[in-house]
Amino acid sequence: MGLPSVMILPLLVVVFAGFYYIYNEVIQLMSKTIVRNKVVVITDAVSGMGSECARLLHEGGARLVLCGPSWDKLESLSDSLCSAADPSKTFTPKLVLLDFSDIDSMVEVITEIGECYGCVDILICNSSMKVKAPVQNLSLDMDKTVMDVNYFGPITLAKGILPMMVARRTGHFVLVNSIQGRLAVPFRSSYAPSKHAVQAFFDCLRAEVEEYGISVSTISHTFINATTQDPTPSNFQPTNALWAYILRKLKTHGVNPNDLASEIVKVVNGRRKEVLVAHPIPWAALYIRSLLPSFFFAVVAAGVRDGPMVDQLK
């Protein structure tokens with residue numbers, strides 16, 4: 001007796017869901033074997049995404065080097081990781097103070113990281129400094145500070161760790177970058193250029209170190225959902241209907257820190273070169289920017305005219 005045609009689609013959905021579930025279980029299992037005993041350095045480990053990433057990698061048996069600007073927060077993170085894991089299967093994280101705004105201290109930081117385990121297998125750069133203001137309201141000093149944190153700091157660290165990887169003919173750089181490294185928006189004249197610059201550096205690095213067996217991955221994501229409130233008034237409604245729709249989608253379709261951390265672990269396992277973590281609207285914006293730039297610029301300009309910062313431009 002044949003299967004009724006009306007049952008084919010539901011059956012396919014069930015089969016696909018089953019394969020997808022098995023695939024995710026396999027990926028989770030692999031994540032706990034691939035990173036085992038690997039030396040993983042995480043910058044800004046005390047952030048929401050950084051701490052969740054540290055938890056996943058710690059459970060997988062990685063030898064973590066947690067970096068951040070606050071020693072108290074690093075110690076608190078380390079204690080929480082150790083208390084929640086089996087000490088016979090995990091390593092106590094090493095802690096290193098790291099402040100990308102202090103470029104002069106980077107030489108000592110790189111030396112300290114190298115002394116933790118004598119090598120580095122994976123470097124995850126996810127530090128970021130965000131600034132939102134009109135161009136004329138931002139000083140050159142602020143521009144330089146943002147560039148130090150978002151560009152000069154990460155590339156200085158990467159250059160310092162690179163010789164360790166070249167000597168061993170293995171390694172993996174993972175840059176957790178913003179989608180604004182690929183798509184600039186208004187009122188981010190300091191932030192977006194710094195993200196463009198660091199994206200370009202790691203793209204160049206990828207091609208140069210491939211012969212040494214070193215991988216370079218970049219992860220571009222939309223804004224990370226956090227508990228802090230957006231400074232934009234909740235009762236603000238743009239008059240441009242298209243821009244209002246885009247803003248609404250962008251605000252409701254951010255990235256959860258836990259989901260982003262899971263994606264980072266997948267990238268570490270699969271060594272994918274470039275990943276975009278975003279919902280359909282940012283994806284569409286990237287394509288429109290490339291294929292229909294005039295239309296994209298017109299929509300963005302309309303958004304600026306309707307935006308809450310328009311008074312600061314007058």
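The values are calculated or read from the model by the stated rules, or taken from the named source; none is laboratory data. Treat the numbers as computed from the prediction; the structure is a model and nothing was measured. Counting neighbours? That spans all protein chains shown, and the Cβs are built from the backbone with ideal geometry, glycine included. Only protein heavy atoms, including side chains, enter the accessible area calculation; ligands, DNA and RNA are left aside. Shrake-Rupley method; radii C 1.70, N 1.55, O 1.52, S 1.80 Å.
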Computed magnitude of the charge dipole of the range 66-167 (debye, nearest 20; Cβ of K, R +1, Cβ of D, E -1): 380
Charge sum, other residues only, whose C-beta stays under 13 Å from Ala261's C-beta, Lys/Arg counted +1 and Asp/Glu -1: -3
Radius of gyration and Dmax over the Cα atoms of the range 42-121, both given in Å: 12.3, 38
Unit charges at the beta carbon, dipole of the range 51-203: most positive-side option, Ser178, Gly118, Cys53: Ser178
Protein-only accessible surface order, largest first, of Thr90, Thr218, Thr111 at 1.4 Å: Thr111, Thr90, Thr218
Accessible area of Glu208 in the full protein assembly, 1.4 Å probe (Å², nearest 10): 120
Per principal axis, descending, Cα span of the range 109-202 in whole Å: 47, 23, 14
13 Å beta-carbon shell around Arg271, net charge (K/R +1, D/E -1): +2
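Order Cys125, Cys204, most accessible first, counting only protein heavy atoms with a 1.4 angstrom probe.
Cys204, Cys125
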In nm, spacing of pseudo-spin labels at Ile288 and Ile103 (7 Å Cα→C-beta vector): 3.7
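Pairs Lys144/Lys273; Lys132/Lys159; Lys38/Lys89; Lys89/Lys273; Lys73/Lys159; Lys38/Lys273: which exceed 25 Å Cα-Cα?
From Lys144/Lys273; Lys132/Lys159; Lys38/Lys89; Lys89/Lys273; Lys73/Lys159; Lys38/Lys273, over 25 Å: Lys144/Lys273; Lys132/Lys159; Lys89/Lys273; Lys73/Lys159.
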Proximal charge balance of Ala184 [Cβ under 10 Å; K/R count +1, D/E count -1]: +4
Cα centroid separation - the range 87-142 against the range 263-278, whole Å: 20
